[in-house]
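Report on the structure given below.
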Amino acid sequence: MTLALARFAIATPTLIAISSFQPSSRKSIKSALKSDFLSFSFLGLIGVTFLYVLQFYSLRFISATEGSVIINLHAIFAMLLSAVLLKEALTRRKIAGVFVAFSGVLVITIKSTQGMIVNMIEPLGVVLMMAAALCWATYSVYGKKILQEYSSQVTTSCVFLLGTIFLIPFAASEHSIGALAHSSMLTWLSVIFLAIPCSVVGYLLWNRLIQHIDVTKVLVSLYVIPIPTAILSYIILGETITYSVILGAALIVVGVYLTESSGSIHSS
């Protein structure tokens, strides 16, 4: 949580500084926070605070490869939420894609089954990561509604500001600020990488995409993440790419195909 706070403590002023070059954006941020404080607080909590609290704590109990696949449940959750909140149609092909993709997640996490009776740690990690996936799905679906009123830059600035503030008590509970201050250059370069390209640029582009494109299609496109994650986890972390990971990833690809080929939904 200390690293998450450091990440957004760098990303937030950077984004606001960028907005300062446009007086209209600066005024819009103040106006947005005043007019829709509760909505942006909700987006900050689920899109920044709870998303990373749940995601980071889950990685204490499951591997990065497993986590990268489970977090992709956000596309499934978003499809269901979109049907309710955005009135997007659910076709049989799309529903089939949901179940096939979800079966892929089950295959990847099935190795936890034998240890469930004796050890509940790994299932807890799965549940925490699923909750993080639900947070991102909710952020994307509800965020699309907010983005009909505000620009991507204004929305992202408000979300970052409030989400960062909400992260403070979680980071304070770790009592690690002092240790972070004495961290290596590599650690700080990693934090900056997460703050600028991954947060500022990533969130701006994400909000711009869901503003103009069907939420489900944008989220489903992220199903490619487990492939490079598994490869990088093998190279950097020494994790094993098991047959269950390969089979589960294959099922997810099939599920994504079924979902994407179920018909186009155009957003206004």
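Values computed for the structure shown
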| item | result |
| --- | --- |
| Taking VAL159, VAL201, VAL253 and counting other C-beta atoms within 10 Å, the order from fewest to most | VAL201, VAL253, VAL159 |
| Unit charges on C-beta of K, R, D, E only; dipole of the chain, Debye | 620 debye |
| Long-range HN-HN contacts of GLU88 with modeled amide H, under 5 Å | ALA83 |
| Mean separation of Cα contacts under 8 Å (6+ apart) over length of the chain, as relative contact order % | 40 percent |
| In order through the stretch 136-141: 3J(HN,Hα) via Karplus (6.51 cos²θ - 1.76 cosθ + 1.60), integer Hz, x for Gly, Pro | 5, 5, 5, 4, 5, 6 |
| Net lengthening on full extension, SER31/SER176 (0.36 nm per residue, minus Cα-Cα) | 48.7 nm |
| Computed over the stretch 48-87, Kirkwood Rh from alpha-carbon pairs, angstrom | 11.3 Å |
| 27 Å Cα-Cα threshold exceeded, pairs from LYS30/LYS217; LYS30/LYS144; LYS34/LYS217 | LYS30/LYS217; LYS34/LYS217 |
| Mean ellipticity per residue at 222 nm, deg cm²/dmol - from DSSP H runs of n ≥ 4 across the chain, formula -39500 (n - 2.57) | -22500 deg cm²/dmol |
| Selection from THR242, LEU81, ALA171, by position along the positive dipole direction of the chain (Cβ) | LEU81 |
| Loop sites in the stretch 1-110: trypsin sites (Lys or Arg not before Pro), DSSP, at most 14 other Cβ within 10 Å | ARG60, LYS87 |
| Under Karplus coefficients 6.51, -1.76 and 1.60, residue-wise ³J(HN,Hα) of the stretch 244-251 in Hz, glycine/proline x | 5, 5, 5, 5, x, 5, 5, 5 |
| Rg ratio (alpha-carbon, reference 2.2 N^0.38 Å) - the chain | 1.03 |
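Quick note: the coordinates plus some simple rules give every number you see, no bench work behind them. What you are looking at is a predicted structure, and each value in this text was computed from that prediction instead of being measured. Quick reminder, even Gly has a Cβ in these numbers, built from the backbone with ideal geometry, and neighbours come from all protein chains shown.
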